[in-house]
Every structure is written in structure tokens, then in C-alpha cells.
1. Extending each Cα 7 Å along its Cβ direction at D217 and T5, get the distance between those two points in nm, one decimal.
2. Rounded to the nearest whole Å³, what is the per residue volume of the convex hull around the Cα atoms of segment 162-277?
3. Run the dipole for segment 7-135 about the Cα centre, Lys and Arg Cβ at +1, Asp and Glu Cβ at -1, nothing else charged, and hand back the magnitude in debye, nearest 20.
4. Starting from 0.36 nm per residue, how many nanometres of slack lie between D67 and L206 once their C-alpha separation is accounted for?
5. Cut-off is 10 Å between beta-carbons; in what order do W133, W85 appear when sorted fewest neighbours first?
6. Please work out the FRET efficiency for the pair A158 and N56, using the Cβ-Cβ distance as r and a Förster radius of 25 Å; give the result to the nearest 0.05.
7. Under a point-charge model restricted to the Cβ atoms of Lys and Arg (+1) and Asp and Glu (-1), what is the dipole moment magnitude of segment 162-277 relative to its Cα centre, in debye to the nearest 20?
8. What Cys residues in the chain are without a partner cysteine, judged by a Cβ distance under 4.7 Å?
Amino acid sequence: MPTYTTLICASDLQSLAASGAPLMVFDCSFELTQPAAGAGQYAQAHIPGALYADLNANLSAGHGAPDAVCGGRHPLPGRERFALWLSGLGFSNAMQAVVYDRQGANYCARLWWMLKWLGHDAVAVLDGGLQAWQTAGGALAQGAEPARPAAHFQPAPALLRLATAADVLRQLRQPGQTVVDARSAARYRGEVEPLDPVAGHIPGALNRPFTENVAADGRFKPAAVLRAEFDTLLAGRDPATVVHQCGSGVSAVPNLLAMEVAGLGRTALFAGSWSEWCSDPARPVERG
């Protein structure tokens, strides 16, 4: 069976599951303003065999955690702790991972990125999420899934780059860095800020809301369309210089995934994003 590293369609996932290939599916559904809602959505309906990955409990470190890799509202957990969580679920290095949500890949892309960060390339986002699975006639399960025997997941060198606040500040307005902000246009301009104490954006950042990557049917736009849109956004800047950010390092990842689907290579993520950036008044802020 092929290895999937960016997107997988519902019919290919059905074939993969039927083949008996080593596979683990993760449901990452989440609601930012109702943190418990995602687990409820999973319990009500999920792809059979899928395990639930909670943004706050599993894909982020607690605030002040000694092994947190970055700051912000959703700091990354340490690589070793995250690997232990995967091992406890029964996930191994030999498995294909498929991740999905119900929110336009806003949350599942975080797990896609984290597995790449641990050196695991065989991970793909279910294109169109649970909705596409249902449209393709996929079965649904309810409640909890039975526990699987623990495995041993061994982290490997990261397959993509994690940028720190210090990295971004050091390269501010330099030709070797192009910051792309995935938040809504109003938040980017600083007209509203519902989550963080300071409004605005990193000076010089370009704005591409992550919602622009998906078409009306909830699937990612064709690669050629994404390529043309990012070429227009970058306006001649080297795609290799791109560092993605959002509010807390979550919704930036769909932009990173879209650039890879478009054939523009693997770009960097500033995981602390705006929530970490604006926590230090010494860092500059731009509005408009």
C-alpha cells in the first residue's frame, strides 16, 4: 500500500483500512470556545477505530509545564512526552497515521505537524474531514474505542522546522524570512482581538486566513489553485523563507500543509505565534 504524507481521500482511507495495513486514525475535533465539545462530538460519531486526540490535553503542554517547547496559548509538549502518549495508545513507527476533524482541518493539522516534528512522515489529513467520510458512505461508531496494547514509538529527527520567537525577531524584515499570518483579516489588522491581550500583527507579516485553503465542499483546493494563490501572496518571495503563524500555532498549520500540497516545499512554523509574540511588550507590533 502507498504511504500518505499530505492528504488522503475518504475512499483511499476505506481501502487502506480494508487492506489490514498498520493504521491508526485520530479524531481531533475541537471547539475553541467550548473545549469539552470535541470529545462530545467524537463520542456521538466517529470513524470506526479512530482514537480521540484533544487539543488541550494531548496536543498541547499545560501552561508552565517544564518541558513546554514554546509559549503561547497552546504550547507544544516536549517531544519525549508526546512520544510516550503515542506509545500508550499503541501507535508505532511502522504505522500510517490519518487525522481528521469536523472543523476544516483546523485542529487535525496540528497532529499532522506534530508527527512530522517527531520524524514520522507517514501521516495524512483526511481531505474534507468527517463530512467527506460520511458522504463517501463510511460507517460511523459511537462511544469509546477499546484500548490497544501499548507500543514503542521512537522519535526521529524532525522533518520540518520549528521557529522560535527569538528566531522570528532576529530575522524581522530580513529577506530570509517571510511571516504568513493565518488569522482572519480583522484580527491581522488589529481591528478586533477576542483571545489575546494585544491586537495587531508581527511587523511585515502577510495575511492568508487558513480558511482560504478549502473549497466549498470542505476539501482542500486543487494543488494548482493553491500554488497560484500562494504565488500571488508571496509576490516573488522565496517560499523557503516562509514562517507560518496564527494565534497559538494551531490554525497556521493548514497554510503550511497547503503549501506542501501546492508543491512549494516544507515551510517553518512559529508555534508560539501571536499569543507568545504579544506577551512581551518589547516585541514590535504593527496594525492596519
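1. Result: 2.6 nm between the two label points.
2. Hull volume normalised by residue count: 95 Å³.
3. Charge dipole, segment 7-135, about its Cα centre: 180 debye, nearest 20.
4. 46.9 nm
5. Final ranking by Cβ density, sparse to dense: W85, W133.
6. That pair, A158 with N56, gives E of 0.65.
7. Magnitude of the dipole: close to 160 debye.
8. C9, C70, C246, C278
Every number here is computed from the coordinates shown, using simple stated rules; none is lab data. The model shown is predicted, which means the values in this text are computed figures rather than measured ones. Positions of Cβ are backbone-derived with ideal geometry, glycine not excepted, and every protein chain shown enters the neighbour counts.
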